[in-house]
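The values are calculated or read from the model by the stated rules, or taken from the named source; none is laboratory data. Predicted model only: the values in this text are computed from it and were never measured. Positions of Cβ are generated from backbone atoms using ideal geometry, with glycine treated the same way; all protein chains shown enter the neighbour counts. Just so you know, the surface numbers come from the protein's heavy atoms only, side chains and all, with ligands and any DNA or RNA stripped out. Shrake-Rupley method; radii C 1.70, N 1.55, O 1.52, S 1.80 Å.
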Amino acid sequence: MKSSKKILVISSHPDDEILGCGGTVARLLKEGCEAYTLILGEGITSRDKKRERAKREKEIRGLKEQIHKANRIIGFKEVFIYDFPDNRFDMVSLLDIVKVIENIKDKVKPDIIFTHYEKDLNIDHKITYQAVITATRPLPDETVKEIYSFEVLSSTEWGYPLSFSPDVFFDISGTIDLKINAMSAYKTELRDYPHPRSLEGIKLNAEHWGVKTGLKYAEAFKLVRLVK
């Protein structure tokens, strides 16, 4: 990737953007790119038995503070945050999600998009992928020339039968610490080891992909589209 390209990371929930491609974006920023984040869902209310948003307003505000802190650590220029209902994107019109993506895409005019894998266990991830593909139809005036799907620990690997077969790998040996520091900002989203969404689990996963590609640490992606 040449420098000065614009990157848009489109994620369903807070922390997906760091888990999926935090190290890669940090590296590309060092190489001269410009990056933005779009987070579609509020990321909390599915944790309540009755899913009552009112009881979660304080936590939602706190989570938004974590979003901004984590994204500042990586170096994102701007974060766009929406509040589609957590783990209930299937109750929202796909068109509504597509329109949000199109709106942000028109503002940013990205060359590259990183987003979810189409066969994740999480329903919001699946719908986000579908909405991204719909919003980036390869028309003559489309700015997006590269689309990559990332994995999200505690979702992608739980989608049986396993189907994530990455074919693009980014060396994040120089930015793994930034990724770990950014995830540390998501205090409410982290879990204790051996949960995959623990700091130890995140680092081990980067080592796993590194071992497979002759690198110390790597992030893995499935190429969706590349227009040269």
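Miscellaneous remarks
- Single residue of segment 183-228 satisfying the filter (modelled with pLDDT of 95 or more and polar (S, T, N, Q)) that is surrounded by the most Cβ atoms within 10 Å (Cβ to Cβ): N205
A quick yes/no check of all residues on (1) closer than 19 Å to S154 by Cβ; (2) assigned to a loop (DSSP other than H, G, I, E, B); (3) touching a residue at least 24 places away in the same chain (Cβ under 8 Å):
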position	(1), (2), (3)
L8	no, no, yes
P14	yes, yes, yes
G20	yes, no, yes
G23	yes, no, yes
E65	no, no, no
H68	no, no, no
R72	no, no, no
D90	no, no, yes
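- Screening Y193, Y148, Y129, Y217 for residues that are in contact with a strand residue (DSSP E or B) (Cβ under 8 Å, 6 or more places away or on another chain) and within 22 Å of G43 (Cα to Cα) leaves exactly one candidate, Y129.
- Residues located in segment 118-132, provided they are under 13 Å from S11 (Cα atoms) and open to solvent by 50 Å² or more (accessible area, probe 1.4 Å): E118, I123, K126, Q130
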